[in-house]
Amino acid sequence: MINRIIIAILVLLFANASYGALGCDSNGIRNQTVYATEGNTQIGSWMPGEEIYKLTLKNEFNLGIKIEAVPSEYYAAKFKEHEYVPELVKITLYDLDSTNPKELTHTYGGANSVQGFSAIGGADKVVELGEAGLTLNLIKHVCVKVGAKNI
């Protein structure tokens, strides 16, 4: 578990240093970026869109991942409990081995967070992912206009 945390931190540091320019477009719109690792190996990176992102794991399991905006109703419920809440995304994992994608689990996590899934637990327990599991490093940069006075 400690190895997984260290790797996640290293990936985040590398991603921030190497891909910082990719986090904001020319209009200052913030883009979500996802880095996926299985055990100690990075197996994918992408900017989520409308489609399910497809990965094949070492155990030959075909996994689908969808990262999307959290419904406003979810935020409304959180604001009843707390004055401030982090920016969240909905994370849905799918089994793509059948004709139609089958949802394995969904959860909510920070737009800037590390989410782990495996047969032994994490953000959620997903037996199909095995003990090595899957770690998602979610990064959504804060965009600041060059010359802004309130930096």
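A few comments on the model shown:
- Residues whose amide H comes within less than 5 Å of that of residue 105, counting only those at least five positions distant or on another chain, are 93 (H built at 1.01 Å from N in the peptide plane).
- From least to most packed, judged by other beta carbons within 10 angstrom and beginning with the fewest, 24, 143 follow the order 143, 24.
- Its convex hull of Cα atoms gives region 14-122 a direction-averaged projected area, equal to a quarter of the hull surface, of 8.9 nm².
- Using only alpha-carbon positions in region 86-126, the gyration tensor eigenvalues give semi-axes of 21, 13, 6 Å once each is multiplied by 5 and square-rooted (largest first).
- Distant-in-sequence amide contacts of residue 123, defined by a placed amide H-H separation under 5 Å and a gap of 5 or more residues or a different chain, comprise 116, 117.
- The fewest-to-most ranking of 118, 45 by surrounding Cβ atoms within 10 Å reads 45, 118.
- Selected from 134, 41, 29, residue furthest toward positive end of dipole (region 20-151; charges at beta carbon): 29
- The local environment of residue 119, defined by Cβ-Cβ distances under 12 Å, has a net charge of -2 under the rule Lys, Arg +1 and Asp, Glu -1.
No value in this document is a laboratory result; all are computed from the given coordinates. Remember, it's a predicted structure, so these values are computed and weren't measured experimentally. Cβ atoms come from the backbone with ideal geometry, glycine included; neighbour counts cover every protein chain shown.
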